[in-house]
Amino acid sequence: MKSPFSLSIFALAMTGFGAIAVAQNAPPPASETPAPAVEAAPPAEAAPPAEAAPPVDPLVEKGQYLARAGNCISCHTRHNGEPFAGGLAFKTPYTFLGEIHSTNITPDPETGIGTWTEADFIKAMQTGVAPGGEHLFPAFPYTAFTLVSQDDLKAIYAYLKTLAPVKYTPPSNGIAFAMRWPMMFWNALFLKEGRYQPDTSKPDEWNRGAYLVEGLGHCGACHTPRNLLLAEKSSDKLTGGTQPDLVEEGKIRTWAAANLTQATTGLGAWNVDQIAKYLKTGHSQKAGIFGPMNEVVINSLQHLTTEDAKAMATYIKSLPAAGEGVKYPLSDAQKTAGAALYKTHCDECHLDSGRGGFMKAPPLAGSAIVQAPSSASLINVIIYGAITGKGGPTPFGAWEDMKALGAKLSDEEVATIATFVRNNWDNKGTPVTAGDVAKQR
Ligand code: HEC
Ligand code: HEC
Ligand code: HEC
């Protein structure tokens, strides 16, 4: 069948994303903007001229801050590669489509964006169209970046211009990503082009938070479920999505990103301070970071000001409960088997009450990870442990990593424990099968 419609749907299905983060902890930018001149410049008489910090352009400094808020570095740095030089591979759930690679956004004129004007850059960020009319794929989160203001994009552009140009051409993309025109149709369906419009009935802090979460922070890229054409489902915003992660060459592990709304299966049990602390430090009384959230905090959120972290938390706390889970009634046999395994393997730290404790472990009762729509992260934590990435802050009271239990437990046992913790206490979650566990091994 050769109807243009079926062709475009096929091509649309080829578009997509799902970040396979090869670079778990991308290195910090090579050309760190020096500290503000006021702070760095020592008193004139004491300062050997050679050490005097060059003056910092406030626009560049602002741009660096915003580039961190947008976490450009995590996606635009390949494993052991130069920061911002691109080459990180992304795959979609449709693996036959092959890979797409992030581009070199250093100012190299041949392999980077050195010849781009400020207007070119702003257009690419806001509309997903590169100079020459080339449509970009939404593995690049321009569907979120479209909300970012002209002024903020000018600052990011000014910052990127100060990076050392790196001559590096990312590997070519899979054949499916050679065809870019179908993105026109995809954009017509799913791109809501336009800047963030403040809600004047809400305080400035809330609006700042919404701007960061929905725009530069692109939290929905992982925390919002996607439809078959891989667009974020706007009706289920931030209710929990999944994220593929490349563990080693050819091996992908899926993670569940939690429901961030006020559902009891989401962040209903977290207060604003706990959310803000988690974003800024990677730890709160409720949870610590692991999996793909590691690089979000380590490369991006830890660098935000306390005020911005608080603003994001204020906005997140205001998200009405959505995507509430459904209780799965455990049979007596499931309860007995689950409780016995829990007692042997989990109780010591997470306690019978499921509440965990200070310096011990986070709560499982009410946990958004335990109750996430997809059980992938819960299974991963049991099999591989909960490992906090290096390079993050180590706040007081942060837990040790939880150790891997995968070698001790069969798929069947992991499934029994997971089903149990998803439905014991007041928790709600779909049951987990041995097959679900096998997929995560
Ligand atoms: C979730 C991953 C991700 C994040 C975060 C991300 N990018 Fe990208 N970006 C990509 C991918 C993948 C491409 C390639 C898209 C394509 O080829 O269609 C890309 C392409 C681009 C392009 C087009 C370059 C070209 O040569 O065509 C620009 C400009 C860009 N990104 C800038 C940024 C900036 C600035 C940030 C941070 C504010 C950022 N990106 C954050 C994944 C990301
Ligand atoms: C690259 C994908 C990705 C992006 C982008 C992302 N997250 Fe996450 N997030 C995850 C995953 C996966 C988890 C589960 C692992 C964990 O808890 O560390 C998670 C966990 C969380 C949790 C903890 C839930 C719990 O109960 O432990 C919060 C809160 C959170 N993210 C907030 C955010 C915010 C706010 C943003 C945007 C600034 C964001 N995330 C962006 C993938 C992502
Ligand atoms: C020796 C102590 C210990 C044992 C035993 C243990 N855990 Fe953990 N668990 C932890 C710690 C500590 C963390 C937090 C790690 C971090 O934040 O990096 C954690 C984190 C978790 C999380 C993530 C919670 C969230 O909301 O982010 C889940 C889920 C979890 N454990 C489930 C289990 C299950 C199920 C078992 C039994 C099979 C178990 N744990 C056994 C110490 C333990």
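Taken together, the residues in region 271-296 that are within 16 Å of ligand 1 (Cβ to nearest atom), in contact with a strand residue (DSSP E or B) (Cβ under 9 Å, 6 or more places away or on another chain) and at negative phi amount to 2. Whenever a residue of region 393-420 is at pLDDT below 95, its partners that are more than 7 Å from ligand 3 (Cβ to nearest atom) and outside any loop (DSSP other than H, G, I, E, B), lying with C-beta atoms within less than 8 angstrom and at least six residues away or across chains, give the pairs 393/280; 393/281; 393/302; 395/277; 395/281; 398/281. Of all residue pairs spaced 6 or more apart or on separate chains, those with beta-carbon atoms under 8 Å, a first member in region 281-310 that is more than 10 Å from ligand 2 (Cβ to nearest atom) and a second member that is among the charged types (D, E, K, R) and outside any helix (DSSP H, G or I) are 298/390.
Annotation: of all residues in region 109-142 being among the β-branched types (Val, Ile, Thr) and within 11 Å of ligand 1 (Cβ to nearest atom), the one that is surrounded by the fewest Cβ atoms within 10 Å (Cβ to Cβ) is 115.
All conditions in (1) in contact with a helix residue (DSSP H, G or I) (Cβ under 8 Å, 6 or more places away or on another chain); (2) over 21 Å from residue 259 (Cα atoms); (3) of a type in the set (Phe, Trp, Tyr) hold for residue 396, with the sole exception of (1). Of the helices (runs of 4 or more DSSP H) that lie entirely inside region 327-436, those containing 1 or more residues that are surrounded by fewer than 17 Cβ atoms within 10 Å (Cβ to Cβ) span 332-345, 347-350, 411-423. All conditions in (1) touching a residue at least 40 places away in the same chain (Cβ under 8 Å); (2) within 17 Å of residue 75 (Cα to Cα) hold for residue 124, with the sole exception of (1).
Of all residues in region 295-318, none satisfies being surrounded by fewer than 17 Cβ atoms within 10 Å (Cβ to Cβ), among the hydrophobic types (A, V, I, L, M, F, W, C) and assigned to a loop (DSSP other than H, G, I, E, B). Are any residues in region 57-95 over 28 Å from residue 151 (Cβ atoms), of a type outside the set (A, V, I, L, M) and under 19 Å from the mean Cα position of the chain (by Cα), and if so, which ones? Within region 57-95, 78, 79, 87, 90, 91, 92, 93 qualify. Considering region 231-262, and only residues there that are surrounded by fewer than 23 Cβ atoms within 10 Å (Cβ to Cβ) and of a type in the set (A, V, I, L, M), the residue that is farthest from ligand 2 (Cβ to nearest atom) turns out to be 231.
Considering each of 189, 228 in turn, give the residue that is surrounded by fewer than 17 Cβ atoms within 10 Å (Cβ to Cβ) and assigned by TED's automatic domain parsing to the domain that holds residue 68. When all the criteria are applied, what remains is 189.
Here the condition is being within 16 Å of ligand 1 (Cβ to nearest atom), surrounded by 20 or more Cβ atoms within 10 Å (Cβ to Cβ), at pLDDT 75 or above and part of a helix (DSSP H, G or I); of 105, 100, 73, it holds for 73 alone. Return yes when residue 163 is assigned to a loop (DSSP other than H, G, I, E, B), in the same structural domain as residue 89 (by TED's automatic domain parsing), in contact (Cβ under 8 Å) with a residue 60 or more places away in the chain and within 18 Å of residue 315 (Cβ to Cβ) and no when it is not. For residue 163, the condition - assigned to a loop (DSSP other than H, G, I, E, B), in the same structural domain as residue 89 (by TED's automatic domain parsing), in contact (Cβ under 8 Å) with a residue 60 or more places away in the chain and within 18 Å of residue 315 (Cβ to Cβ) - is not met. Within the option set 268, 323, 338, being more than 9 Å from ligand 2 (Cβ to nearest atom) and on the phi > 0 side of the Ramachandran plot holds for one residue only, 323.
Here is a list: 194, 114. Which entry is over 20 Å from residue 83 (Cα atoms), in a loop (DSSP other than H, G, I, E, B), in contact (Cβ under 8 Å) with a residue 12 or more places away in the chain and of a type outside the set (A, V, I, L, M, F, W, C)? Step by step, each of 194, 114 is checked, and only 194 is over 20 Å from residue 83 (Cα atoms), in a loop (DSSP other than H, G, I, E, B), in contact (Cβ under 8 Å) with a residue 12 or more places away in the chain and of a type outside the set (A, V, I, L, M, F, W, C).
The values are calculated or read from the model by the stated rules, or taken from the named source; none is laboratory data. None of these values were measured; they are calculated from a predicted model. Every residue, glycine as well, gets a Cβ built from its backbone with ideal geometry; the counts of neighbours run over all protein chains shown.
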